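Here, each number is a calculation from the coordinates, and none is a lab measurement. Bear in mind the structure is a predicted one, so any value in this text is a computation, not a measurement. So basically every Cβ, Gly included, is an ideal-geometry build from the backbone, and we count neighbours across all protein chains shown.
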Amino acid sequence: MDTEKLDLRLMSRTLQLAQGAKTAGEVPVGALIYDPVHENIIAEAANAPIASHDPTAHAEILAIRAAAKTLGNYRLGGLWLYVTLEPCAMCAGAIAQARIARLIFGASDTKGGAVISGTRFFDQPTCHWRPEITPGVLADEGAALLKAFFKVRRKS
């Protein structure tokens, strides 16, 4: 398996999911959970806190919930999470609790991110699980989608 090509293909899919969130009026973030052993996508999600009236309905959380339900297990060891934007502290906590093996994200988030920005959640001594982290996959595309979304919102 060529991991770099796979990362690009799956991140492209998360960007499509993010576009769907944008169309729905949500902050454009998409996520998916991938099983590298069986080579299939277990779950996909897009941000939905506005539509669901749920502040925890970030794309990462929704994808983790769907994968856990599909697999019948709250532990998602061995699985990979792709997301278009650096996860916040809440999502990083959920990633650790789920025992996600690998986190691949696009754009960094200097204001709300908690992986390579801000609190650097996985570097904290109280964090008991640290996924392998691959930042910056299709980061420019994810950042452009977010910038365009917020540019329109600021004009409204």
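Here are some notes:
- Rg over Rh, two decimals, region 1-61 (C-alpha only, Kirkwood Rh): 1.05
- Vicinal HN-Hα couplings computed from phi for region 88-104 (Karplus, 6.51 cos²θ - 1.76 cosθ + 1.60; Hz; Gly/Pro x): 7, 4, 4, 5, 4, x, 5, 4, 5, 4, 7, 6, 4, 7, 9, 10, 10
- Each of the peptides 67-79, 83-95, 116-128, 23-35 was scored by the mean count of other Cβ atoms within 10 Å over its residues; in descending order, highest first, they stand as 83-95, 23-35, 67-79, 116-128.
- Filtered GluC sites (Glu not before Pro), region 38-101: DSSP coil and at most 11 other beta carbons within 10 Å: 39
- Residue 136 long-range amide H proximity, modeled H, under 5 Å: 105, 106
- Tail fraction, Cα-Cα pairs, region 47-105, threshold 19 Å, whole percent: 23
- Among 115, 50, 63 the positive-end extreme of the charge dipole of the chain (Cβ point charges): 50
- Magnitude of the charge dipole for the chain, about its Cα centre and with charges confined to Cβ atoms of Lys, Arg (+1) and Asp, Glu (-1), is about 480 debye.
- The slack in the chain from residue 140 to residue 54, taken as 0.36 nm per residue of separation less the alpha-carbon distance, amounts to 28.1 nm.
- Separation of alpha-carbon centers, region 94-135 and region 1-49, rounded to whole Å: 17
- Leading residue at positive end of dipole, the chain (Cβ point charges), from 135, 85, 27: 27
- On the basis of the beta-carbon distance and an R0 of 25 Å, residue 153 and residue 89 show a calculated FRET efficiency of 0.60.
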